Structure formats: C-alpha cells, structure tokens
Amino acid sequence: MKALIDWLDHRTGCRKLVHETLFENVPGGSRWRYVWGSTLTFTLVVQFITGIFLWMAYSPSSQTAWESVYYIQNQMLGGWLLRGIHHYTAQAMNVLLVLHLMQVIIDGAYKAPREINFWFGLALLFLVMGLSLTGYLLPWDQKGYWATKVATSIAAITPVIGPEVQKLIIGGAEYGHHTLTRFFALHAGVLPGTIVVLLVGHIYLFRRHGLTAAEPKRKPDAAFWPDQVLKDAVACLAVLAAVLFLSIKFGAELTAPADPADNYAAARPEWYFLFLFQLLKYFPGESEIWGAMILPGLVVGLVFAMPFFGRWRLGHRFNLGLLWVLLFTVAMLTWLAMKADRGNPGFVAATRQAQIDAERVKELASGPSGIPSSGAVTLLRADPFSQGPKLFARNCASCHRYDGHDGLGTIPADPQSASDLKGFASRSWLAGLLDPDRIAGTNYFGGTKFRDGKMAKFVKKEVAGFSAAQKEQLAQALAALSAEAGLKAQRDTEGKDSAAITAGRNFLASEAMQCTECHQFRKPDEDASAPDLTGYGSREWLLGILGNPKHDRFYGKRNDRMPSFGEDKILDAQALGLLADWLRGDWYTPQP
Amino acid sequence: MKPSDIPDQPERRDFLTKTAAVAIGAITALVPAAVGLVTVFDPLRRRSAASGPVLVTTLNALPNDGKPRRFQIIADREDAWNKFPQVPVGAVYLRRVDENRVEALNVTCPHAGCPVEFKPDTQSFLCPCHDSKFKLDGTLADPESPSPRGLDTLTVEIRNGAEVWVTFQNFEAGKARKVPLA
C-alpha cells in the first residue's frame with residue numbers, strides 16, 4: 001500500500017495536496033460557526049450528483065419536459081426521492097448561502113486582504129440564484145411556467161434593449177421549446193461550469209488568506225483534520241437529514257402541465273424570491289423599473305462595496321447594520337407576500353384548483369390511453385372533470401349554481417337566479433323539481449321568470465294533491481325521464497329497474513300525468529310549448545339547449561335569460577361538449 | 001478536569017473523531033449517489049411489450065410464385081411516458097409457400113440488428129450492414145455470413161380463409177439460439 005502511494009505521490013504530489021487540504025490551520029480550534037462553507041460545497045456536490053441522474057431521464061421540450069418529469073416522479077424506481085433531494089437541496093442552498101454570508105460579514109471576513117474572495121462569494125450567490133430561477137421552469141408545470149414568465153417579463157423593462165433581451169432569454173418571441181433548451185443549457189451547463197471555476201477560486205483564495213477566526217479565540221490553533229472535518233461532516237449530515245425529511249414527507253411538487261391558454265392565478269416565485277415579488281407591488285405603472293432593477297441593483301452595489309466601507313473606523317458597524325436591515329427587509333417583504341396570499345380568496349381558490357388539476361392529470365396520464373405525443377396538457381384540455389368547473393364558473397355561474405357554488409368552490413358575487421345544476425336530470429334532481437315545496441325555490445325556478453309559470457303552477461296545485469298511487473306513478477315517470485339522460489352514475493340502478501322504467505315511460509306519455517300537454521315526448525308534437533323530454537339530459541339534448549335554448553325544441557320564445565352559447569359562438573363545440581359531459585358526470589375515473 | 005487534560009485520552013479521542021468524520025462524510029456523499037443509481041437501473045424493470053397476433057394483410061396481397069413481400073406491423077407502442085396507438089413497431093417479409101400457407105420472417109438481421117433487404121436477382125435476403133446472406137426460407141445462404149443464425153421466423157395464422165395474422169416478436173441478436181426479447 002505504502003509503495004503504491006509513494007509511486008502515486010512521486011508522480012502527482014498527492015501527499016502534499018492531501019496534507020495541505022487536511023492540515024489547514026484553524027486559528028482558535030474547530031468551531032461550529034465555520035461549517036457553512038463546507039455545507040454549501042456539500043449541497044453543490046449533491047446537486048451535481050442528483051442533477052446528472054435527473055438529466056439521464058429529463059427531456060427539454062414543451063411536449064416532453066413535464067412528461068419526462070412525471071415519469072421520473074411517478075414511474076421510475078426511486079425517481080420521486082431523487083427529485084425530492086434535488087428540489088429541497090436547492091432550497092437548503094439558499095438558506096445556507098444567507099447563513100454563510102452572515103457569518104462572513106459578522107466575523108469581518110470580507111475585509112482586506114479578502115475583498116476579492118468576498119466578491120467571488122457574492123458572484124457565487126448570484127449564480128446559485130440563477131440556478132434556482134432556471135431550474136424552476138424545467139418541469140414545465142403551471143407553477144414554474146407562470147412564475148418564470150413573470151420573472152422574464154421583467155427583463156423586458158430593461159431600458160432601450162428590453163424586448164431584445166427578453167427574446168434572447170426565452171429563445172424567441174414566445175415561451176416554447178427553445179426557452180426550455182436554453183434554460184436547461186444554462187441550468188445544467190453554463191451556470192454549474194461557472195460555479196465550479198469560481199468555487200475553485202473561492203477556495204484557493206480562502207486557503208491563501210486563511211480562516212478569519214471569530215474573536216475571542218477560545219482554544220489553541222488546531223488542524224482542519226479531524227475536529228473541524230467532523231463538525232463539517234455532522235453539519236452536512238444534518239442538512240441531508242433535513243432534505244430527506246422534506247423529500248419523504250412532502251415530496252417535490254409537480255403541478256399540472258403548463259398551459260399557455262389557461263392562466264394560473266396561483267403563480268408565485270419560489271419562497272426565497274418572494275421578497276422581490278412583493279417589492280414590485282410598491283412600484284405602480286412605469287415606475288416598476290425602480291422595484292425590479294434600480295433598487296435591487298443599488299442594494300447589490302452596497303453589498304459589493306462592503307470591503308471598502310470596512311476600511312473606515314465605523315465601517316464594520318455600518319456593514320453589520322446594513323446586513324441586519326437587509327435581512328429584516330427581506331424577511332418582512334416575504335412575510336407580507338405570504339400574508340397577502342393567505343388572505344386572498346382568489347389565490348387560495350387557485351391553489352386548491354391547481355392541486356386538483358395536478359392530481360387529475362396524474363390520473364389521466366396513468367390511465368389506459370397514457371400520454372399522447374402531443375403532450376399531457378391535451379389530456380387536461382379534453383377532460384370534462386377539469387374543464388367543466390372552469391367553464392361553468394366563467395359562463396354559467398352568474399345565474400346558475402353547482403352544489404351552491406360556481407363549480408370551483410367559490411360563491412359568486414351575483415345572487416343565484418337560476419337552477420342549481422348539480423346532478424341535473426338525475427332522479428333526485430327531478431324529484432326536487434316536481435316537489436311543490438321546492439320548485440319555486442332558488443335551486444329550481446325561484447330566480448327565473450318560470451317561478452310562477454305553468455310548470456310551477458302544475459306542481460304546486462296538481463302534484464301537491466296527488467294520491468299515494470299517483471305519487472308512485474310520478475316516481476316511476478321521473479325514473480323513466482331520468483333514464484333518458486343515460487347518466488353514468490345511475491347506470492347500475494337503471495339496469496336493475498328496467499321494468500319500472502318501461503312502465504314509467506308509459507305514465508310519462510299518458511294523459512293522466514299531463515306532461516305531454518306542454519312537453520313533447522318521443523313523438524312529434526307541434527303544439528309543444530315546453531322543452532322536449534325526449535332524450536332529456538342526454539349529451540345530445542344538453543348540447544342542444546346549451547347551443548340554442550331559444551330553439552322550439554327547448555324554451556323557444558319563452559326562453560328567460562339563457563344565452564345561446566353555440567349559436568352566438570360564445571363557446572366552441574369542444575367547450576360545449578366538455579360542459580355537457582361534466583354536468584352529466586361523464587368523465588374518466590380510474591378503476592379501483 | 002476536562003477530558004483533554006487526561007494524559008492518554010487525546011489519541012483515543014482523535015481516533016474516534018477521525019472514524020466518525022470519515023463515516024459521516026461517507027454517508028452524506030453516498031445517500032444522494034445511491035438514490036441516483038437506483039433510478040439508473042430502472043430500465044431493468046421494463047419489459048418489451050409483447051403483442052398478440054396482428055392482422056397484417058390478406059392472402060391476395062401475396063404473389064403465388066413465392067416471392068417475399070415486405071409489410072409493416074402496426075400495433076400499440078409504449079415509449080417511456082408516451083403511448084402511441086397503432087403505429088409501426090416493426091416489419092416482416094411474408095412469403096406464400098403454398099395455396100394456404102404463409103411464412104413470416106422478421107426483417108431484423110440476427111447478427112447486429114440491421115433490417116435485411118430482399119434481392120430479386122439472387123433470390124435471397126442481404127443484410128446491408130455486414131453482408132449476411134439468407135435464403136428465401138430465412139436460413140443462412142452463405143457459411144461465411146457473420147450472422148450466427150438464420151432470419152427469425154414468426155408464427156402465422158390464416159383466419160377467415162384469407163386474413164394473414166402474424167404474432168410479431170423481436171429476438172436477441174448475436175446468438176445462435178433464437179431467444180425472444182424479454
């Protein structure tokens with residue numbers, strides 16, 4: 001063994017190198033406050049290792065970025081943990097950078113002759129922030145996409161060359177494939193490469209000038225090895241433990257795939273950039289450049305100038321004051337941003353919806369059709385369960401309700417003035433419509449001009465006086481009417497009740513029930529003045545009434561305020577289909 | 001008295017410190033690397049998708065003179081996160097051996113995986129990569145051929161009198177024995 005090491009040492013001088021590395025003098029002996037630099041190097045190494053492994057499975061394009069991350073996260077063995085470690089180590093780095101900076105400033109390690117090393121450190125800080133910013137976009141999910149879009153839009157306010165700068169950053173006029181390829185090259189190539197170069201310089205200069213001891217020294221000087229190494233190792237282990245805890249407990253988030261057509265009200269930068277985000281709120285209109293560039297630029301300039309201030313008699317105190325003011329301001333702005341979001345129902349609802357979409361797209365992607373080559377975003381766009389509520393909230397909820405809300409869980413500001421469509425055409429929904437106590441209530445005709453119409457009168461006068469036998473017939477007629485819809489939720493029940501449904505169909509058409517006095521059912525009736533009951537609540541029927549309620553088949557001239565969504569080109573055929581399917585509860589559900 | 005003041009203590013303490021430093025250092029470095037390595041071995045869990053018999057063509061499409069004709073196999077394909085319904089997954093040469101009997105050969109050369117081509121002038125299959133030659137029935141035509149075995153035959157069924165159904169499979173290259181890809 002010794003011969004081998006001798007052989008190697010003779011050719012490389014490795015013994016001297018190892019000796020220099022391990023027996024660096026630590027003035028005043030090992031201390032916990034010296035661990036920050038080592039933990040940062042450690043986190044950087046962790047990011048290099050996990051990053052390269054992620055690289056092996058990641059595919060940067062707008063149709064494959066989210067999809068490959070989804071695959072890493074949900075299909076590859078251990079992929080979720082790998083991603084979790086990379087994600088939370090990135091966050092840990094930001095915390096450790098601040099701690100390292102604090103230690104350097106408090107201990108006066110920025111003063112002559114260590115100015116250049118201080119600047120190396122600051123440059124490294126900004127490069128790591130660059131890694132955070134570029135890495136946030138790479139999964140190409142809603143959160144990263146919209147947050148990064150905000151960040152790169154800020155580049156556009158650069159005086160004179162703003163639009164060109166923005167185009168260069170995002171690789172074109174719009175976000176797309178080249179935004180990802182550029183960000184990925186920056187994230188995995190340019191920035192880490194630059195960091196390695198600067199880090200070598202940083203450590204070289206650190207070794208050249210030696211460690212700045214925190215006064216007063218408590219113990220005699222000692223070598224770096226083994227006491228300080230042990231402290232550093234323990235600190236790294238603690239960082240790793242925290243990262244593993246967060247990765248296992250919470251995991252790295254992957255929201256729904258980025259959809260440029262579906263704006264995302266929950267877009268926020270990562271928590272460590274929230275202070276910059278908050279700062280922008282205080283600069284209205286064209287003064288944004290002050291909050292986005294000039295003010296942060298001045299602050300950065302001040303920090304860079306700290307070694308010069310440090311020469312003055314009171315300079316160190318000034319720097320300490322500046323450090324604490326900055327930390328306090330950043331903490332305050334972060335807290336304000338979080339507080340504003342917590343108290344903002346729109347943001348809370350958007351976050352909730354984002355979680356629902358994220359869960360849903362996972363269900364669809366692991367379903368039998370898998371992810372098409374056009375990307376996972378098309379799965380969500382064609383999914384009634386995700387799109388129905390959004391379409392309903394935007395187009396229907398100013399009058400209608402869905403289970404008392406707007407489909408997305410928010411109670412609209414406008415009072416309810418049309419029926420609640422949750423379970424439309426189901427047996428229980430129809431039972432309510434034919435209930436003398438409920439037909440004129442807000443959940444049915446209460447808010448409409450049909451409140452005192454023929455149907456309401458019929459239910460309140462005639463149905464209210466029905467005998468027990470007639471009520472039984474009515475129930476069967478309603479079961480038959482509900483069966484016209486062919487709802488997925490009632491498929492099993494209807495299979496069992498087929499005899500009762502056939503009987504009900506006859507009651508529905510009979511004169512005794514009086515339905516066909518106004519409604520058409522299964523045979524042409526030119527005198528019909530109320531909506532057709534043939535195929536009532538079926539997809540085709542819903543598409544008809546959504547498309548044009550003023551058609552003779554539906555309300556005709558009696559239509560209240562319902563817009564002709566199809567006829568007037570308010571919604572396209574796909575949107576109408578999604579809305580109809582959603583109202584009918586017809587969407588893909590995974591087999592348990 | 002502090003432990004460091006006991007005369008023969010420091011060396012022992014030093015040893016413990018050194019061992020702990022090395023052990024903890026090793027753990028911190030190994031955990032992320034190990035997690036990454038696990039994902040690298042994920043492909044070993046993947047199986048090649050075996051499909052059942054696929055309708056390829058009809059008997060009418062195959063010449064009576066026994067001349068082979070090339071057909072694509074259309075089936076569902078899965079590629080990591082993507083699923084592609086009904087896309088080309090491979091190709092076969094079909095050859096009519098008599099009125100109602102058809103032979104199918106996978107176009108992939110068993111030597112190194114290049115697709116072979118039928119050469120009408122020599123009435124044989126030639127691999128364009130390393131010049132392996134195969135007879136019409138797929139057996140090796142030339143003992144000098146680098147291919148360790150003849151072209152891989154596939155199961156053919158004639159259904160409803162005229163439909164040609166092929167059970168498509170790929171096999172391990174470079175071996176004398178025909179082993180289906182797992």
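Laboratory data are not the source of any read-out in this text; all were calculated from the coordinates shown. Just so it is clear, the structure is predicted and the values come from calculations on it, not from any experiment. Positions of Cβ are backbone-derived with ideal geometry, glycine not excepted, and every protein chain shown enters the neighbour counts.
See the values below:
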| read-out | value |
| --- | --- |
| Cα-centre dipole for chain B with unit charges at Cβ (Lys and Arg positive, Asp and Glu negative), debye to 20 | 200 |
| Where labels lie 7 Å past Cα in the beta-carbon direction, separation of B:Asp65 and B:Thr139 in nm | 2.4 |
| Descending semi-axes in Å of chain A, equivalent ellipsoid built from Cα gyration tensor | 67, 26, 21 |
| Cα→Cβ-extended label distance, 7 Å offset, between A:Val348 and A:Arg317, nm | 4.7 |
| Total formal charge among the other residues, if their Cβ is under 14 angstrom from that of B:Val35, Lys/Arg +1 and Asp/Glu -1 | 0 |
| Region A:459-538 shape via C-alpha gyration tensor axes, a/c threshold 1.5 | oblate |
| Within the protein assembly as shown: Cβ-based charge dipole about Cα centre, in debye rounded to nearest 20 (Lys, Arg +1; Asp, Glu -1) | 1940 |
| Dipole-positive endmost among A:Asn25, A:Gly51, A:Thr39 within region A:11-75 (Cβ charges, Cα centre) | A:Asn25 |
| Three-way shape call for chain B based on the alpha-carbon gyration tensor, with the a/c threshold at 1.5 | prolate |
| FRET E, pair A:Gln591, A:Lys488, Förster distance 22 Å, beta-carbon r, rounded to 0.05 | 0.95 |
| Cβ-based charge dipole, region A:194-327, positive-most Cα from A:Gly291, A:Phe308, A:Leu323 | A:Phe308 |
| Given A:Lys143/A:Lys488; A:Lys457/A:Lys550; A:Lys422/A:Lys550, the pairs whose alpha carbons are separated by over 27 Å | A:Lys143/A:Lys488 |
| Span from the region A:1-52 Cα centroid across to the region A:176-251 one, whole angstrom | 13 |
| Amide H contacts of B:Val97 (H built 1.01 Å from N, under 5 Å, at least 5 apart or other chain) | B:Val102, B:Glu103 |
| Under 13 Å, Cβ to Cβ, from A:His400 - net charge with Lys/Arg +1 and Asp/Glu -1 | -1 |
| Set of lysines with alpha-carbon distance to A:Lys149 below 17 Å, sequence-local pairs under 8 removed | A:Lys167, A:Lys281 |
| Percentage relative contact order, region A:479-551, counting C-alpha pairs under 8 Å, at least six apart | 32 |
| Estimated inter-spin distance, A:Ser373 and A:Thr410, nm [label 7 Å along Cα→Cβ] | 3.9 |
| Those GluC sites (Glu not before Pro) in region A:499-592 that DSSP places in a loop and that have at most 11 other beta carbons within 10 Å | A:Glu511, A:Glu526 |
| Extension gain, A:Arg438 back to A:Met102 (0.36 nm per residue minus Cα-Cα distance, nm) | 114.2 nm |
| ³J(HN,Hα) computed for each position of region A:128-138 - Karplus, 6.51 cos²θ - 1.76 cosθ + 1.60, integer Hz, glycine/proline x | 5, 4, x, 4, 4, 5, 6, x, 5, 7, 4 |
| Whether region B:119-182 is rounded, prolate or oblate, judged on the alpha carbon gyration tensor where a/c under 1.5 counts as rounded | oblate |
| Rounded D (µm²/s) - region A:1-141, Kirkwood Rh over Cα pairs, Stokes-Einstein at 4 °C, 1.567 mPa s | 71 |
